[in-house]
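**Student:** Encoded as structure tokens, here's the structure I'll be asking about.
The values are calculated or read from the model by the stated rules, or taken from the named source; none is laboratory data. No experiment lies behind these values; they were computed from the predicted model shown. Reconstructed Cβ throughout: ideal geometry from the backbone, glycine too, with neighbour counts over all protein chains shown. Note: areas computed on protein heavy atoms with side chains; ligands, DNA, RNA excluded. Shrake-Rupley method; radii C 1.70, N 1.55, O 1.52, S 1.80 Å.
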Amino acid sequence: QAQVVESGGGLVQAGGSLRLSCAASGRTSSIYAMGWIRQAPGKEREFVAAIRWSGGVSTYADSVKGRFIISRDNAKNTLYLQMNSLKPEDTAVYYCAAGYTAVIITSSWQGDYWGQGTQVTVSS
């Protein structure tokens, strides 16, 4: 299995930017896709974005499309999420997830292994 560790969260004003990173270790050679899931207080987990590890095809939630960019560095086994034009409703704990199953990635994708999460707070 893979172990994933997130970093880069913090407090930012609305309209600002943050970049999250996720370092993967362990059984990384078999990873099919990695992505980001978030959970705001009192709300259910929400798919944010995911990217196929080979080929780089990415999928985004409608709520972040055009504002967030997911990318990966295969050589470093690292996943990134560049978040621009942040809104207060983006406030949540952001979890990095690694998935081994070859599936068509949709907004229901959750991956197989998660990190501990990193807090992102956007003030108005």
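**Student:** Hey, Ser71 hits all of (1) of a type outside the set (Phe, Trp, Tyr); (2) part of a strand (DSSP E or B); (3) under 20 Å from Ser124 (Cα atoms) but one; which does it fall short on?
**Tutor:** The single condition Ser71 does not satisfy is (3).
**Student:** Looking only at the stretch 34-52, which residues are within 11 Å of the chain's Cα centre (by Cα) and among the aliphatic types (A, V, I, L, M)? Working first, answer last.
**Tutor:** First, pick out the residues of the stretch 34-52 that are within 11 Å of the chain's Cα centre (by Cα): 34-38, 46-51.
The answer is Met34, Ile37, Val48, Ala49, Ala50, Ile51.
**Student:** Next question. Can you name the condition, by its number, that Gly56 falls short on among (1) outside any loop (DSSP other than H, G, I, E, B); (2) open to solvent by less than 60 Å² (accessible area, probe 1.4 Å); (3) free of Cβ contacts under 8 Å to residues at least 60 places away in the same chain?
**Tutor:** It fails just one condition, (1).
**Student:** Are any residues in the stretch 60-72 under 18 Å from Leu18 (Cα atoms) and either in contact with a Gly (Cβ under 6 Å, 6 or more places away or on another chain) or not basic (Lys, Arg) (or both), and if so, which ones?
**Tutor:** Keep residues of the stretch 60-72 that are under 18 Å from Leu18 (Cα atoms), which gives 60-61, 63-72.
Scanning the stretch 60-72 gives Tyr60, Ala61, Ser63, Val64, Gly66, Phe68, Ile69, Ile70, Ser71.
**Student:** Report, by residue number, each residue of the stretch 88-99 that is under 12 Å from the mean Cα position of the chain (by Cα) and open to solvent by 20 Å² or more (accessible area, probe 1.4 Å).
**Tutor:** Of everything in the stretch 88-99, those that are under 12 Å from the mean Cα position of the chain (by Cα) and open to solvent by 20 Å² or more (accessible area, probe 1.4 Å) turn out to be Val93, Tyr95.
**Student:** Would you tally the residues in the stretch 29-53 being within 21 Å of Ser7 (Cβ to Cβ), of a type in the set (Lys, Arg) and part of a strand (DSSP E or B)?
**Tutor:** 1
**Student:** Looking only at residues in the stretch 65-87 that are among the charged types (D, E, K, R) and in contact (Cβ under 8 Å) with a residue 40 or more places away in the chain, which one is surrounded by the fewest Cβ atoms within 10 Å (Cβ to Cβ)? Give the steps one after another, and end with the answer.
**Tutor:** The initial filter retains those residues of the stretch 65-87 that are among the charged types (D, E, K, R), namely 65, 67, 72-73, 76, 87.
Subsequent filtering for residues that are in contact (Cβ under 8 Å) with a residue 40 or more places away in the chain retains 76, 87.
Working: Lys76: 11, Lys87: 14.
This residue is Lys76.
**Student:** Restricting the search to the stretch 2-53, which residues are open to solvent by 70 Å² or more (accessible area, probe 1.4 Å) and at positive phi?
**Tutor:** Gly42
**Student:** Kindly evaluate Ala102 against the criterion of being open to solvent by 60 Å² or more (accessible area, probe 1.4 Å) and either closer than 11 Å to Trp36 by Cβ or in contact (Cβ under 8 Å) with a residue 24 or more places away in the chain (or both).
**Tutor:** Working: open to solvent by 60 Å² or more (accessible area, probe 1.4 Å): yes; either closer than 11 Å to Trp36 by Cβ or in contact (Cβ under 8 Å) with a residue 24 or more places away in the chain (or both): yes.
The answer is yes for Ala102.
**Student:** Among the residues that make up the stretch 74-84, is at least one of them out of contact with any strand residue (DSSP E or B) (no Cβ under 7 Å at 6 or more places or on another chain) and either in a strand (DSSP E or B) or charged (D, E, K, R) (or both)?
**Tutor:** yes
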